[in-house]
Amino acid sequence: MKPNSNLPELDRALRRTRLFETLKDGLLVLRAPPLRMHANDVESRHRPDADFYYLTAFPEPDAVAIFDGSADRERFVLFVQPRDPTHETWTGPQAGVEGAVETFGADAAYPMSEFDGRLAERIANSGALYHALGHDTDFDQRLLKLANQGWARRLRNQSGRSRSILDPRPMLHEMRLHKTDEEILWLRRSAEIGAAAHRRAMAETRPGLWEHEIEALLEYEFRRAGTRGWAYPSIVAAGSHATILHYTANDGQLGTDDLLLVDAGCDLDLHCSDITRTWPISNDPPAPQRKVHEAVLQAQLAAIAAVRPGATIEMIHQRALEVLCEHLLSWGCLKGSLEAVLCDGTYKPFYMHRTSHWLGLDVHDVGAYEVDGNPRPLKPGMVLTVEPGLYFSPRCEEAPEAFRGIGVRIEDDVVVTAEGCEVLTRDAPKDLDGMLNLRSGR
Ligand code: GLY
Ligand code: MN
Ligand code: MN
């Protein structure tokens, strides 16, 4: 049995039905890009475009999906690479035109070579044309040419119809932002696998190992569990490397007196987890490390407690900031009142990122953060991270010397529920004792 095969099939037909309700008589064109090159003669591994995959589940590159709200039949059509024995010998089976219908539920499918010939007629007969410009300028040019051909073919009584290419992302991303119960099962499983990898890394940490050895352990666990691997390049940052937000070199050695910050999550058929834990390399961390870790943990717990329907990501951020700033004031890193520090942003040398982002098929998932210019109220089914941190650069002069070079971030993935939230990544301990207790011989 394939790993994770107990997860439910996601109902893409239902997603398409909902799309057509919004699309009305419009025509949506989504592109699965061609393979990119990684190096000379070596292709990158294909990660499907998340919008395309959300609606189609079609995993191959260089395809187009159209959703034609004006059509009676053939409303969902795939243009794909036809099966080619040579291609299949070198890189494996293809769905082809038949598989696009039989396996992926398209109303019709055609070879990609027929796309141009078939599209102009559809554009002539449909309402608004939707396509996200800017990803692939060659394809954009091609579509613009076809759009002009199609618009020119319209009859006089159709001349009031839109002649613009509209952005489909607000429509699609609003759908993706609200997760169904089935989607949450996938995200919960991704979180469980990510958390299990963190537990393994905690258990195996010891002085003298290299960051890339911990990275390898994490990624072994991700692949062993049947995921596509990391959702983003893993950050394994010992000592002052933890103060570099996007540190990915992972080539340092774990020193006895260091903390280790690990920000790593996996990609389970595009469902991402995003987890950060920071733990000591020795069994008995020095007091400054304990203090900073405790402050971030308090901020993170307070921020999670603020997640509930009606709250906003801005409110969650403010809650984390209040707790972090109280500690920074008590340590003398900041001066003045709590209100002034929060208002003036003088904490930014120590906490320079936001507390939350949406999570889903993209690790920084899509969805508007504001509605009508105001922070968006949370609703059950939205999934977000909660990830406060404190970073004391080795060069920072405002902090006590003992704090310099310490970086701590704690990040969980949460789903908003009717009462508050569920922490999807709860299997990874985050308090110092819980993390150290995983280590044998302690
Ligand atoms: N790992 C990326 C982030 O935490 O946003
Ligand atoms: Mn994150
Ligand atoms: Mn992260």
Of the candidates Ile410, His364, Ile244, the farthest towards the positive dipole end of the chain (Lys/Arg Cβ +1, Asp/Glu Cβ -1, centred on the Cα centre) is His364
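Scan the range 4-96 for trypsin sites (Lys or Arg not before Pro) in coil per DSSP, keeping those whose Cβ has at most 13 other Cβ atoms within 10 Å, and list them by number.
Working: sites: Arg12, Arg15, Arg16, Arg18, Lys24, Arg31, Arg36, Arg45, Arg73, Arg75, Arg83; in loops: Lys24, Arg36, Arg45, Arg73, Arg75, Arg83.
Passing sites in the range 4-96 are Lys24, Arg36, Arg45, Arg73.
Calculate the FRET efficiency for Asp167 and Glu314 from the Cβ-Cβ distance with a Förster distance of 25 Å, rounded to the nearest 0.05. All intermediate terms of the calculation are to be shown ahead of the outcome.
Values: r = 25 Å, r/R0 = 0.99.
Computed FRET efficiency for Asp167 and Glu314 comes out at 0.50.
For the chain, with all protein chains present and a 1.4 Å probe, just round the carbon and sulfur fraction of the accessible area to a whole percent. Walk me through the numbers before you get to the answer.
Numbers: 10110 of 20190 Å².
Accessible surface attributable to carbon and sulfur in the chain totals 50 percent.
Place a +1 charge on the Cβ of each Lys and Arg in the range 184-245 and a -1 charge on the Cβ of each Asp and Glu, then give the dipole magnitude about the Cα centre in debye, rounded to the nearest 20.
Details: 8 positive and 7 negative charges, 62 e Å.
About 300 debye.
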To the nearest 20 debye, the chain has a Cα-centred charge dipole, built from +1 on Lys and Arg Cβ and -1 on Asp and Glu Cβ, of 760
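Tell me, in nm to one decimal, what length is gained between Asn40 and Glu98 on full extension, where the rule is 0.36 nm per residue of separation less the Cα-Cα distance? Don't skip to the answer; put the middle values down first.
Numbers: separation 58, 0.36 × 58 = 20.88 nm, distance 3.27 nm.
Stretched fully, the Asn40-Glu98 segment lengthens by 17.6 nm.
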Under the rule of -39500 (n - 2.57) per DSSP H run of 4 or more residues, summed and divided by the residues of the chain, what mean residue ellipticity at 222 nm is obtained, to the nearest 500 deg cm²/dmol?
-11000 deg cm²/dmol
For the chain, find the longest principal axis of its Cα atoms and tell me its angle to the long axis of helix 137-152, 0 to 90°, nearest 10.
40
Spin-label pair Arg142/Ala305, simplified geometry with 7 Å Cα→Cβ offset, distance in nm:
5.6
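Tell me the relative contact order for the chain as a rounded percent, counting alpha carbon contacts under 8 Å between residues six or more apart.
On the way: 877 pairs, mean separation 60.6, N = 442.
The value is 14 percent.
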Please compute the modelled spin-label separation between Ser5 and Lys379, points set 7 Å along Cα→Cβ, answer in nm with one decimal.
3.6
Taking N as the number of residues in the range 172-224, what value does Rg over Cα atoms divided by 2.2 N^0.38 Å take?
1.55
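For Asp181 and Ala152 in one chain, what is 0.36 nm times their gap in residues minus the Cα-Cα distance, to one decimal in nm? Walk me through the intermediate numbers first.
Values: separation 29, 0.36 × 29 = 10.44 nm, distance 4.52 nm.
This chain segment gains 5.9 nm when fully extended.
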Which of the aspartates and glutamates could a cross-linker bridge to Lys145, judged by Cα under 13 Å and excluding same-chain residues fewer than eight apart?
Asp116, Glu121
Dividing the convex hull volume of the Cα atoms of the range 12-175 by its residue count, what figure in Å³ per residue is obtained?
116
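To the nearest 20 Debye, how big is the dipole of the range 1-86 about its Cα centre, given +1 on the beta carbon of each Lys and Arg and -1 on that of each Asp and Glu? Mind showing how you got there, number by number?
Working: 13 positive and 14 negative charges, 49 e Å.
Here the size comes out at about 240 debye.
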Heavy-atom accessible area per residue, the chain, 1.4 Å probe: how many Å²?
46
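I need the peptides 171-181, 195-205 ranked by packing, meaning the mean over residues of other C-beta atoms within 10 angstrom, with the highest value on top.
195-205, 171-181
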Test of understanding: in a Gaussian network model of the chain with alpha carbons linked when under 10 Å, which of Thr425, Thr355, Thr89 would top the mean-square fluctuation ranking?
Thr89
For Asp433 and His246, calculate 0.36 nm times their separation in residues minus their Cα-Cα distance, and state this gained length in nm to one decimal.
64.6 nm
Globularity index of the chain, i.e. its alpha-carbon radius of gyration over 2.2 N^0.38 Å
1.11
Along the range 216-229, Karplus-curve 3J(HN,Hα) (6.51, -1.76, 1.60; θ = phi - 60°) to the nearest Hz, with x for Gly and Pro, reads 5, 4, 4, 6, 4, 5, 4, 6, 4, 7, x, 8, 6, x
Which three lengths, in whole Å and largest first, does the range 147-238 cover when its Cα atoms are put on their principal axes?
76, 30, 21
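The values are calculated or read from the model by the stated rules, or taken from the named source; none is laboratory data. Bear in mind that the values here come from a model prediction, so they are computed numbers and not experimental data. Glycine also receives a Cβ, built like all others from the backbone with ideal geometry; neighbour counts cover every protein chain displayed. The protein model used for the area step is the full one, side chains on, heavy atoms only, and it has no ligands, DNA or RNA in it. Shrake-Rupley method; radii C 1.70, N 1.55, O 1.52, S 1.80 Å.
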